[in-house]
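The values are calculated or read from the model by the stated rules, or taken from the named source; none is laboratory data. Since the model is a prediction, treat every value here as computed from it, not as a measurement. Because the Cβ atoms are built from the backbone with ideal geometry, glycine has one as well, and the counts that use them run over all protein chains shown.
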Amino acid sequence: MACRQKHFSPKTAQSYVLWIRQFILFHNKRHPVDMGQEEIEAYLNHLANKRNVSASTQSAALNAIAFLYREVLNTPMPDLDNLRRIKRHKIIPVVMSHQEIEATFAHMHGTMRLMAELIYGTGLRVNECMTLRVKDVDFDLRTITVRAGKGYKDRATVMPQVLIPDLRMHLTKVAQLHKADVLKGNGYAPMPNALYVKYPSASQSLAWQYFFPSSLQRPWQNTGQLARWHASPSTLRRAFKQAVRQANIHKHVGPHTLRHSFASHLLAAGTDIRTIQTLLGHKNVETTMIYTHITPDYKHVDSPLDRLKQK
């Protein structure tokens, strides 16, 4: 309930529940009210002593426990003076070259290719692409609007001009599928928050349908009617991985790599870092600055080995 009130994503809520449960089990099912600084530090330091636990994992556990005390138990979070923090390893995201992306797309077809091209062309996260609604694709303004993205923030990004014909053709197919669903008494789309209660007819409109709908329908609101959710991210991941293998690319990449490549290629083309930050939806510019380490300007730097071979 507390996670819902804060508008946390289901994934975040599940993560918090998992870490809080592990914290309680670690201390033999003692109630959190009866525990404090010593118990919290003992659990988090226990995670730090594990070889296979990263800094982000320890931070996730800490955030979950802090949320438990502050938001659920209404108790101040104690100072953790003896906490041993795992050192963060600075990881530079993997990016694909223009040639690698072109080769990968050549082995993708239909809706899977359109999704991949849209992610690369807009910088969307995979889940943001999957949960796009018809109303969020504006052909006149050439914008894609992300609703309640990471951090529960809305943002707009650019629509690639080259994709407009394919997007329009895809929308026609979505509209035809939706019309067929409505004629069968279905055609509903899940609504965020409590909007279905406020606008009951909106969930059956084309505007609220997912732009990339699932091929299957599921029961809707215990009414016996069927609703069509969005396509599964795993379907795109499988298609992308297969295309990468067929393109003989040996980097460890996935669809999310296209988002990294979007930012890296914009930066290399001279786009300012603040614009890239806005398009990606990053809260802090420091997060976007990681891409400056991916595309350093080494064009005018010669390796000493090259100079040696030239003699």
Q) Could you count how many residues in the stretch 135-158 are in contact (Cβ under 8 Å) with a residue 24 or more places away in the chain, under 19 Å from A207 (Cβ atoms) and out of contact with any helix residue (DSSP H, G or I) (no Cβ under 7 Å at 6 or more places or on another chain)? A) 2
Q) If H7 passes every condition in (1) touching a Phe, Trp or Tyr at 6+ places or on another chain (Cβ under 7 Å); (2) modelled with pLDDT of 90 or more; (3) surrounded by fewer than 17 Cβ atoms within 10 Å (Cβ to Cβ) but one, which one does it miss? A) (2)
Q. How many residues are exposed (fewer than 15 other Cβ atoms within 10 Å of the Cβ), part of a loop (DSSP other than H, G, I, E, B) and at pLDDT 85 or above if we restrict to the stretch 182-221?
A. 4
Q) How many residues does the stretch 30-48 hold that are in contact (Cβ under 8 Å) with a residue 12 or more places away in the chain and in a loop (DSSP other than H, G, I, E, B)? A) 1
Q) In the stretch 254-277, how many residues are farther than 17 Å from L118 by Cα and not acidic (D, E)? A) 9
Q) So which residues in the stretch 146-170 are in contact with a strand residue (DSSP E or B) (Cβ under 7 Å, 6 or more places away or on another chain) and either assigned to a helix (DSSP H, G or I) or more than 20 Å from G281 (Cα to Cα) (or both), if there are any at all? A) L167
Q.
I need a count of the residues in the stretch 222-244 that are of a type in the set (V, I, T), surrounded by fewer than 19 Cβ atoms within 10 Å (Cβ to Cβ) and more than 24 Å from I144 (Cα to Cα).
A. 1
Q: Would you mention how many residues in the stretch 137-157 are surrounded by 14 or more Cβ atoms within 10 Å (Cβ to Cβ) and either of a type outside the set (G, A, S) or under 21 Å from G110 (Cα atoms) (or both)?
A: 9
Q) Given the conditions (1) of a type in the set (V, I, T); (2) in a loop (DSSP other than H, G, I, E, B); (3) within 18 Å of the chain's Cα centre (by Cα), and given that T287 satisfies all but one, which numbered condition is not satisfied? A) (2)
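Quick check on R85: is it of a type in the set (D, E, K, R) and under 30 Å from V53 (Cβ atoms)?
Taking the combined requirement at face value, the residue satisfies it.
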**Q.** Residue match in the stretch 215-232 (condition: over 25 Å from L132 (Cα atoms) and of a type in the set (D, E, K, R))
**A.** no
Q: Just give me the residues in the stretch 222-247 being touching a residue at least 60 places away in the same chain (Cβ under 8 Å) and in a loop (DSSP other than H, G, I, E, B), in sequence order.
A: A231, S232, A247
Q: Select from the stretch 94-136 the residues that are in a loop (DSSP other than H, G, I, E, B) and more than 19 Å from the chain's Cα centre (by Cα) and write down the one among them that is surrounded by the most Cβ atoms within 10 Å (Cβ to Cβ).
A: M108
